[in-house]
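One structure below.
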Amino acid sequence: MEIALKGIGVSPGIAIGPALPFRVHSLDVPKYPVRDRSAELERFNRARDEVRQDLQRLHQQTASKIGDEHADIFKSHLMIVDDIKLREDVESRLETESYNVEYLLDDIITQHTKMMESVDDSRFRERAMDFVDVGTSILSKLLNTDLRSLEHLERPSIVIAHDLAPSDTAKMDVEHALGLATDASGPTSHTAILARALEIPAVVGLKHVGAHALPGDTVIVDGNEGYVYIRPNAETVARFREEKRRLEEESRALLLVEHDRPSATLDGHPVPLLANIELPLEISHGVKVKAQGVGLYRTEYLFLNHTSLPTEEEQFRAYAQVAEAMRPAPVVIRTLDLGGDKLVAHLRLDEETNPQLGWRAIRFCLERPDIFKAQLRAIFRASVHGNVQIMFPLISGLDELRQVKNVVKEVCEDLVRRGVSFDKNVKLGSMIEVPSAVSLADVLAKECDFFSIGTNDLIQYSLAVDRGNEKIAHMYQPGHPAVLRMIQLTVRAAKAARIPCGICGEMAGMPMFTELLLGLGVDSLSMSAVAIPLVRAEVSGTRLTEAKRLARRALKLSTVSEVTAFLSKRYKERRALARYLGQSGTARPAGNHRPSPVKPRKTPRK
Ligand code: PEP
Ligand code: MG
């Protein structure tokens, strides 16, 4: 019978194919006593050497295939291979127990796995996962068995796993990996980041997908809506095949449309559409869809992918690379937004009871001036390579903004003293993502060059709904009247101070909201690159006078359901996408408009 599971869609698209359940532990490990302990140790050391060589090779291959940031994962694995503790553990057990080393190593790995399952600390689990990953590779060398790897899949498959080790994902055979579905992970996990970077539809956080899917079972991964269907019935398969075909045709048609001219409304108002990026390698996606710049560069991914703090030089290279590639288009670099759900093992941030309200983003940076200043120096140095702007996350009041600007001043003075060249006119902006910043928007606007509304956090904090919590996901509502009013207040304050105000949260990439946001007076929209073609179509079909009228009417509504019904009706009636494709003489996709997402027909299991 068909099973529908709800998770978190972290990489868009639909994939349909046979399941390939992937388990790290699939080795048959013998147990026997040994007499020659030094020969046994020698075998262990040889296996380690071989794994070390494999990792060095993987490091190089990954760096050239998808970039240095991802290859860094293997540096930490190399450190584990050479970890004294691992060698000592095996040695001392060999000394006391005199069993074969594969048995001892397997036992050590099992203990780590158990520990990993019982501990809640995500950083610890991450480290333990890396340990298990490396240990299992050594084990497979000892047993002379090639571990089933995702590097060469026999046929196109949907990879199903409890969790994927970074090395598994990075090695993945992109040609044959149609989609990914995992029990664990969140949107900021390596799996999610890599899946997006590799453009593989993915759903994570499914809890029990591994328990339901058998090898070869047909599976549908709906990365847009975050659903996975196991053994779907013929009707569901047909529905998703049709949806997949339609989406592919639509995206082909959209890419064919001539959109070299900047995006603008029907009545000629320019509305820059920018890309959100996490890693420099995503620039190519932005370029493909003709993004007019980068509106949000989430720099914390440089830190998340490193085993130690990235140096100022490494950061400079990454920022300069993006600035150079987009030049003369703007690149808005957001300073470090760590903390909350984005934890970095090597910074050893304490677990907090309430991390989303805790020591994150700008709060963290202001207390770690060493890290903050190094990042600012790197950004300012990169500013001579393009059109760089800087914005600060989670600003909650004017004192904080002033403190930040003081640090910026110190950094600039230092660069001048040292004769380092940088752009003296780099624009400084505030992200508006906390209700206090909205109510103080008028005073903040007087002291910054631009605003960018981070609706992901603004919704979370305004509605008191944890954006990562599955149980209350239905309460996370961009169409909430309070959210609309917050956006209106912010835009008004920006206009009064004559500074631009954009949106860089996910809402900017939702076509149903485009006309409303333009009507509210938002100047630019920044989103993941995949969303740009659809939003461009909406902008092109918008007349600003009508959008303003729409916004006025929407603001009078009192409930989420009223707002949603109103916007969705309007969105369907406008048929902006069909018109856009029709006008350009490109083949019209099957539907007249982008239909509302395919919904599961059964109540999904959580
Ligand atoms: C936001 O909060 O809307 C935002 C863009 O920042 P992030 O999603 O990285 O928190
Ligand atoms: Mg945010």
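If the viscosity is 1.567 mPa s and the temperature 4 °C, what Stokes-Einstein diffusion coefficient in µm²/s follows for region 251-294 when Rh is the Kirkwood radius over Cα pairs? D, rounded to a whole number, is 113 µm²/s.
Met475 exposes around 90 Å² of accessible area when a 1.4 Å probe is run over every protein chain in place.
Per-residue 3J(HN,Hα) values for region 312-328, derived from phi via the Karplus relation 6.51 cos²θ - 1.76 cosθ + 1.60 with θ = phi - 60°, read 4, 5, 4, 5, 3, 4, 5, 5, 5, 4, 5, 4, 4, 5, 8, 3, x Hz in sequence order (x marks Gly and Pro). Model label sites at Lys31 and Arg543, defined 7 Å from Cα along the beta-carbon direction, differ in position by 7.9 nm. Solvent-accessible surface of protein heavy atoms, probed at 1.4 angstrom with all chains present, puts Tyr461, Tyr301 in the order Tyr461, Tyr301, largest first. The slack in the chain from Val407 to His152, taken as 0.36 nm per residue of separation less the alpha-carbon distance, amounts to 86.8 nm. Per-residue extension of 0.36 nm, minus the Cα-Cα distance of Lys572 and Asp399, leaves a gain of 57.8 nm for this segment. Sequentially through region 440-449, phi angles give Karplus couplings (6.51, -1.76, 1.60; θ = phi - 60°) of 9, 4, 5, 6, 5, 4, 5, 10, 9, 8 Hz, Gly and Pro residues having no value and appearing as x. Rounded to whole Å, the principal axis extents of the Cα atoms in region 266-543 read 51, 44, 34, largest first. Cross-link reach is defined here as a Cα-Cα straight distance under 19 Å, omitting same-chain residues fewer than 8 places apart; for Lys495 the aspartates and glutamates meeting it are Glu433, Asp442, Glu447, Asp449, Glu515, Asp523. Averaging 1/r over every pair of different alpha carbons in the chain and inverting the result gives a Kirkwood radius of 25.8 Å. If R0 equals 60 Å, the separation of the Cβ atoms of Tyr476 and Glu42 corresponds to a calculated FRET efficiency of about 0.60.
Using C-alpha pairs below 8 Å separated by at least 6 residues, the relative contact order for the chain is 15 percent. Pairs spanning more than 23 Å between alpha-carbon atoms, out of Lys290/Lys373; Lys6/Lys244; Lys75/Lys141: Lys290/Lys373. Residues whose amide H lies under 5 Å from that of Gly521, counting only those 5 or more places away or on a different chain, are absent; hydrogens are built 1.01 Å from N in the peptide plane. Met512 exposes around 50 Å² of accessible area when a 1.4 Å probe is run over every protein chain in place. Segment Asn354..Glu314, full-extension length gain: 11.2 nm, with 0.36 nm per residue of separation and the alpha-carbon distance subtracted.
Using the Karplus relation 6.51 cos²θ - 1.76 cosθ + 1.60 with θ = phi - 60°, the per-residue 3J(HN,Hα) values for region 261-267 come to 6, x, 5, 8, 6, 4, 9 Hz, with x marking Gly and Pro. In this simple spin-label approximation, Leu266 and Arg245 carry label points 7 Å from Cα along the Cα→Cβ vector, and these lie 3.2 nm apart.
The values are calculated or read from the model by the stated rules, or taken from the named source; none is laboratory data. Just so it is clear, the model here is predicted, and its values are computed rather than measured. Virtual Cβ from ideal backbone geometry, glycine too; neighbours counted across all protein chains shown. These accessible areas exclude ligands, DNA and RNA; they are computed on the full protein's heavy atoms, side chains included. Shrake-Rupley method; radii C 1.70, N 1.55, O 1.52, S 1.80 Å.
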